[in-house]
Amino acid sequence: MRYLTAGESHGPGLVGILEGMPAGLRVSAAAVNRELCRRQSGSGRGGRMRIERDEIEWLAGVRFGETLGSPIAVLIRNRDHLHWGERMAPEGEPTGPAFSRPRPGHADLAGALKYGRTDARDILERASARETAARVALGAIAKTFLKEFGVGISSHVVMLGGVAAKPLAVLDLEAIEASPVRCADPQAEAAMLRAIEDARQGGDTLGGVVEARAEGVPVGLGSHVHWDRRLDGRLGQALLAVPGIKGVEVGAGFWAAGQPGSLVHDAIAYDPARGYVRETNRAGGSEGGIANGEPIVVRCAMKPLSSLGRPLPSVDMATRKPAKAQAERSDVTAVPAAGVVVEALLALVLADLLLEKFGGDCMGDVLAAYRRYRERIVP
């Protein structure tokens, strides 16, 4: 399975193409749109979220609510394009001033130099996290596919603006979705909201850490035999490709690096009803690049956004003289939304690996192969 996206932040729209989904999967625009709505929610978002109301249009690959086995294509129209038509015109002459004062921390300067552009808008429009809406839409289809195999995916914010949530043994998913920062700890939520408001008043931005979990993942997804087939590697590549994500850990990750093996590795037991089990899950559901049957747990560190209300020093590309970085409408933080994006990428990776494991061009064949495998490994 593979996917592509196309489109600019203020262009006419975003297009997503998902290839390799078996025929016969029941899908709906409403389910995809719910995920897009989740991506747009959360405290700290900017004015763009008051303009856009993301919804998909099916362009290909779906008929009467079922996938056809052919590539699936979706369109998300950018409502804000109404205000950017002249500046983003595909033909004609440029209008308005060039974006020539790159923002530290953004792709503006490196991209302009790489692609030989004098107007960094040619870079920032595609580098914008707006593109993740298309990936969330495709990830929503992958989530629907995974549900057929009993796999569920969720996420929550564990740190925002330096405020850490206390670890909880059981997560209340409804409470997380109701939280304006998607945090399970009410006390941390209140402190996070104060930090967001302080940053807003100071013209600053905030980063944080999100945790995503995939429950019900079958043993055996991924492989130890080649670097590009390892589960951890596939997750790292996909998640580090989310704009602003600068660090990813699986399971205990960085904590485990400072501990002895006796405190890190998950002891193995056998349950006649469930097969092999672990009492702990510090491996995060992956051992040797292979899913071990425990929940897949990943944490992603997101840096503060690079568009500041009080811009940092930069250089004007036109004059090569010192200047303040150019201002661009932005959020104070997108950490709560990042969790939804991470869920989508986790779903796409796991759906791809599940299809690698069980194959099949239609849902009936994939499900039959999955059931045979389950019968072999679980008494």
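The values are calculated or read from the model by the stated rules, or taken from the named source; none is laboratory data. On a predicted model such as this, the values are computed, not experimentally measured, just so you know. Glycine also receives a Cβ, built like all others from the backbone with ideal geometry; neighbour counts cover every protein chain displayed.
With a requirement of 3 or more residues that are more than 17 Å from G220 (Cβ to Cβ) and not aliphatic (A, V, I, L, M), the strands (runs of 3 or more DSSP E) lying completely within the range 240-311 that satisfy it span 245-250.
In the range 1-39, the qualifying residues are those that are among the polar types (S, T, N, Q) and surrounded by fewer than 22 Cβ atoms within 10 Å (Cβ to Cβ), and the one that is farthest from W58 (Cα to Cα) is T5. Here is the figure for the range 96-125: residues that are in contact with a Lys or Arg (Cβ under 6 Å, 6 or more places away or on another chain) and crowded, with 18+ Cβ neighbours inside 10 Å total 1.
The set of residues in the range 350-368 that are assigned to a helix (DSSP H, G or I), surrounded by 15 or more Cβ atoms within 10 Å (Cβ to Cβ) and not charged (D, E, K, R) comprises L350, A351, L353, L354, L355, F358, M363, V366, L367. Of all residues in the range 29-41, those that are more than 13 Å from A344 (Cβ to Cβ) and at pLDDT 95 or above have Cβ atoms under 6 Å from Cβ atoms of residues that are among the acidic types (D, E) and not in a helix (DSSP H, G or I), 6 or more apart or on another chain, in N33/E55.
Would you mind stating whether G46 is at pLDDT 95 or above, assigned to a loop (DSSP other than H, G, I, E, B) and in contact with an Asp or Glu (Cβ under 6 Å, 6 or more places away or on another chain)? Taking the combined requirement at face value, the residue does not satisfy it.
Given the structure, is V341 β-branched (V, I, T), part of a strand (DSSP E or B) and at pLDDT 95 or above?
Against the criterion (β-branched (V, I, T), part of a strand (DSSP E or B) and at pLDDT 95 or above), V341 does not qualify.
Kindly indicate whether V341 is in contact with a Pro (Cβ under 9 Å, 6 or more places away or on another chain) and crowded, with 23+ Cβ neighbours inside 10 Å. Yes; evaluated as a whole, the condition is true for this residue. Restricting to the range 83-95, name every residue that is of a type in the set (D, E, K, R) and either closer than 21 Å to G13 by Cβ or crowded, with 16+ Cβ neighbours inside 10 Å (or both). Scanning the range 83-95 gives E86, R87, E91. Filtering R200, R182 for residues that are among the basic types (K, R), over 25 Å from F358 (Cβ atoms), within 18 Å of the chain's Cα centre (by Cα) and surrounded by 15 or more Cβ atoms within 10 Å (Cβ to Cβ) leaves a single hit, R182. Condition check for A98 on (1) over 30 Å from P313 (Cβ atoms); (2) touching a residue at least 12 places away in the same chain (Cβ under 8 Å); (3) of a type in the set (A, V, I, L, M): one failure, at (1).
When restricted to residues that are outside any strand (DSSP E or B), more than 23 Å from the chain's Cα centre (by Cα) and crowded, with 18+ Cβ neighbours inside 10 Å, the range 312-338 contains 3. Scanning the range 218-234 for residues that are more than 23 Å from R372 (Cα to Cα) and buried (at least 18 other Cβ atoms within 10 Å of the Cβ) yields a total of 3.
Here's the yes/no breakdown for (1) assigned to a loop (DSSP other than H, G, I, E, B); (2) touching a helix residue (DSSP H, G or I) at 6+ places or on another chain (Cβ under 7 Å):
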{"site": "L168", "(1), (2)": "yes, no"}
{"site": "E174", "(1), (2)": "no, no"}
{"site": "C183", "(1), (2)": "yes, yes"}
{"site": "A195", "(1), (2)": "no, no"}
{"site": "D198", "(1), (2)": "no, no"}
{"site": "L206", "(1), (2)": "yes, yes"}
{"site": "A212", "(1), (2)": "no, yes"}
{"site": "H224", "(1), (2)": "yes, no"}
{"site": "D228", "(1), (2)": "no, no"}
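Residue check: Q237 meets all listed conditions (1) closer than 20 Å to S286 by Cα; (2) in contact (Cβ under 8 Å) with a residue 40 or more places away in the chain; (3) surrounded by fewer than 20 Cβ atoms within 10 Å (Cβ to Cβ) but one, namely (2).
Among the residues of the range 289-311 satisfying the criterion of being β-branched (V, I, T) and buried (at least 24 other Cβ atoms within 10 Å of the Cβ), which is nearest to G42 (Cα to Cα)? Per the stated criteria, the residue is V298. Taken across the range 135-146, residues that are under 30 Å from V15 (Cα atoms), touching a His at 6+ places or on another chain (Cβ under 6 Å) and either at pLDDT below 95 or surrounded by 23 or more Cβ atoms within 10 Å (Cβ to Cβ) (or both) do not occur at all.
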